[in-house]
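Each remark here refers to the structure printed beneath this line.
Each value in this text was obtained by applying a stated rule to the coordinates, not by laboratory testing. This one's a predicted model, so the numbers in the text were calculated from it and none came from an experiment. Cβ atoms come from the backbone with ideal geometry, glycine included; neighbour counts cover every protein chain shown.
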Amino acid sequence: MSNEISKEKAEMIFKEHSNYIYRVALFLTKSKELADDITQETFIQVFRKYYTFNPSKPIQPWLYKVTLNITRNMLRKQKWLKFIGQLPEKSCLNLVENTVFKTEEENELWREISTLHYKSREMVILHFYSGMKLKEISDSLGIPLGTCKSRLNSALSTLRGRLPENDFEFLNKGGDTFETL
């Protein structure tokens with residue numbers, strides 16, 4: 001197996017998946033600048049470690065796993081910078097609500113999602129916004145499928161309790177969420 005990826009293959013992977021990687025990073029970080037950095041770093045890592053990818057499996061879950069690892073590392077670095085007193089400039093803290101969502105209901109939903117614990121927020125974003133199936137999320141995060149279901153159920157229960165009834169259809173379907181396995 002070759003340790004290098006061809007230029008054509010790298011370009012194809014980037015063109016097909018860069019928007020999804022950016023959106024996931026944007027939803028998780030709420031910063032356009034940080035999402036750009038994560039997208040770049042993700043593809044650098046993907047191209048360096050492409051030889052570890054198993055071509056018999058879909059590439060998207062592997063890409064998301066790399067993205068999530070890089071996002072977690074960058075968020076840890078951000079926390080450390082805040083801890084030692086070097087805060088990033090205010091301009092890079094541009095919230096995703098101002099750039100992605102248009103309607104008031106979507107803003108309300110996103111505000112509630114952004115207050116969820118990181119792991120719950122991650123599940124909602126990967127499942128509903130990125131369209132990943134729970135099995136793919138399980139594989140990407142390296143956690144059991146039952147844990148994925150539990151985290152998603154917990155996140156949805158929390159959101160159902162915080163949001164007005166019937167405002168957000170996917171929250172009120174209950175068990176239907178798990179039919180997308």
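Given the pairs 49/133; 7/149; 30/135, which span a C-alpha to C-alpha distance of over 31 angstrom in this model?
Values: 49/133 24 Å; 7/149 38 Å; 30/135 26 Å.
7/149, as the Cα separations exceed 31 Å there.
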Phi-based couplings in Hz for region 9-20 (Karplus 6.51, -1.76, 1.60; Gly and Pro marked x): 5, 4, 5, 5, 4, 4, 4, 6, 10, 5, 5, 5
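Compute the signed sum of charges (Lys and Arg +1, Asp and Glu -1) over the other residues within less than 14 Å, Cβ to Cβ, of residue 40. Can you show the working numbers first?
Values: positive: 32, 48; negative: 33, 36, 37, 41.
Here the count lands on -2.
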